[in-house]
Structures are given as structure tokens and as C-alpha cells.
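In what follows, a single structure is set out as C-alpha cells and then discussed.
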Amino acid sequence: MKILISGYGRMGKEVERSALESGHQIIGIYDNAKDWDDKAELIPQCDVVIDFSLPAEAPRNIIRSIDNHKPIVCGTTGWYDQLSFISNYVGQKHGALFYAPNFNLGVNIFMNLSEILADIMKDYPQYEPAITEIHHTRKLDAPSGTAIALAERLIKNLPQKYEWTKCKEGEQALPHQIPITSIREDDITGIHTLEFRSKDDRITLTHEAFDRSGFAIGAIMAAQWLLGRKGIFNMNDLLKNHPTITDIA
């Protein structure tokens, strides 16, 4: 598979390393908007674009990939306020976009387990849900895209909850809200915790990523899966096939 990397920060470098280890080819790297013009000859040579850029750049990168008839896997978060426009654009152009706030397989299993737990807990309103996410200090968006996606899944299964809200540690949310607490610490790849707490006890689910390799492996797996497809996809579509890590080789 011939990959063009868009965004050459920590995740872009991890995608490069994992792709090369798996026998894929890196056609080139676009590290900023200027590279898309200065190195325009690269994109026709690739099979797929993998984007881990910046929230302000991701929608434009998606559009330029689609305009060049290239499928794109986007792991950038913080741009989902434009998702409706981007989805319509991709659909009109008959393109292919795979986007996810988190490509780690374990965290997506965690999300599915959380949804199952929420479906059970809807009958026990004495338990209040809360989400905590901890990341490294270089992560710009807060709450994380994964925490927001988790909250939105919970809302679908908890009729007494209508929205999520960002809270500081120890701060209370309104009765109809799911609180999300964001913490930034040095050298934390990513920890997401869901708890249901009553006055008597607490039920907790936690996922912790030890390094970035799992995110890169998931993005490469998504890129392989996306080839030959048209439409808008996410990790739920990928996991329906129950892929394993060895599928990226």
C-alpha cells in the first residue's frame, strides 16, 4: 500500500514507522498546508492519505484528497463541527473518508462495552455517569474527541441524559448532563474512564493506551479496509469484520 502522510507530528511519525515495519511504502509527507501545493506531484502517486494534522487543517486536507480521487483516513479531531458539510462533499464527489477520534482497537472495544453498560444502567438512575480523560500536555483539544464520542453514545442509551458538559475536577453537572473532566499531564498517551457512581458504590471502566503504536496500527488497518470503498466510514464499520492486528501486514 502506498501511503501519503498528512501531518508529521508524533502520530504522523508513528504511522510512518508502523507502515514501514509492515511493508508499506511512504510516498511522501505533507506537514502543512503549503506542502499540498509545493509537493502536489505526490498525491497522484499514493493509494491512500492518512491525516493526523491540525483541527483547522483537516477539513481542507479531506477536500483536497477527495478532489484528487484519493481515499483518506483522518485521525485528527476538533473539526467535527464541519462534519455535516464534509460528509455532504464526500458524498457528492463519490469519495471515501474514514474518520475516527481514536483508532486504537482496545479503546473502541471499551466504547462498545460502555454502550452495553449504559443500556443496563438506564434502569438504575441512582447511578450517575461521569467521564474522565487524561492526556499529555501537548494535546490541544479538550475534551478529547474520544471522550465526546463516548458521551454521545451514552446519551443514546440513557434517556435521563440529554447532553454532555465540560467540568473541572470536583465540579457538578446538571441532572440532565454527563460531565467530562479533562486532565493534562506530562507523558500520558491517553486514559479514558467511565464511572457510574451512587451514594453507596461505584462501577468503573477504564482504557489506558501505553503508547501511540496502537493508534497507528489501527489507522493503517483502516486505510487498507478503505481501499476500493466509497462513502463515509468509522471504526464501527471496521470492527464489524472483527479484524486483528495481523491483518495490517
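The values are calculated or read from the model by the stated rules, or taken from the named source; none is laboratory data. Keep in mind the model is a prediction, meaning the values are calculated, not measured. Cβ placement follows ideal geometry from the backbone for every residue including glycine, while neighbour counts extend to all protein chains displayed.
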Inset, instruction - Considering every residue within segment 30-47, establish whether at least one is on the phi > 0 side of the Ramachandran plot, assigned by TED's automatic domain parsing to the domain that holds Gly7, assigned to a loop (DSSP other than H, G, I, E, B) and surrounded by fewer than 18 Cβ atoms within 10 Å (Cβ to Cβ). - result: no
Legend entry - Selected residue (criterion: farthest from Ile3 (Cα to Cα)) from residues of segment 201-222 that are of a type in the set (Val, Ile, Thr) and touching a strand residue (DSSP E or B) at 6+ places or on another chain (Cβ under 8 Å): Ile203
Inset, instruction - Please determine, by comparing only the residues of segment 68-88 that are part of a helix (DSSP H, G or I), in contact with a strand residue (DSSP E or B) (Cβ under 9 Å, 6 or more places away or on another chain) and at pLDDT 95 or above, which one is nearest to Ile43 (Cα to Cα). - result: Ile86
Legend entry - Qualifying residue in segment 118-128 (condition: surrounded by 13 or more Cβ atoms within 10 Å (Cβ to Cβ), touching a strand residue (DSSP E or B) at 6+ places or on another chain (Cβ under 8 Å), assigned to a helix (DSSP H, G or I) and not assigned by TED's automatic domain parsing to the domain that holds Leu154): no
Legend entry - Unique residue being touching a residue at least 24 places away in the same chain (Cβ under 8 Å) and surrounded by 22 or more Cβ atoms within 10 Å (Cβ to Cβ) when the list is Gly106, Gly75: Gly75
Legend entry - Which listed residue is in the same structural domain as Asp123 (by TED's automatic domain parsing), under 29 Å from Arg17 (Cα atoms), among the aliphatic types (A, V, I, L, M) and surrounded by fewer than 17 Cβ atoms within 10 Å (Cβ to Cβ), from Ile188, Ile203: Ile188
Legend entry - segment 146-172 residues that are on the phi > 0 side of the Ramachandran plot, paired with ones that are surrounded by 19 or more Cβ atoms within 10 Å (Cβ to Cβ) (beta carbon under 9 Å, 6 or more apart): Gly170/Thr181
Legend entry - Selection count, segment 150-163, where residues are in contact with a helix residue (DSSP H, G or I) (Cβ under 7 Å, 6 or more places away or on another chain) and assigned to a helix (DSSP H, G or I): 4
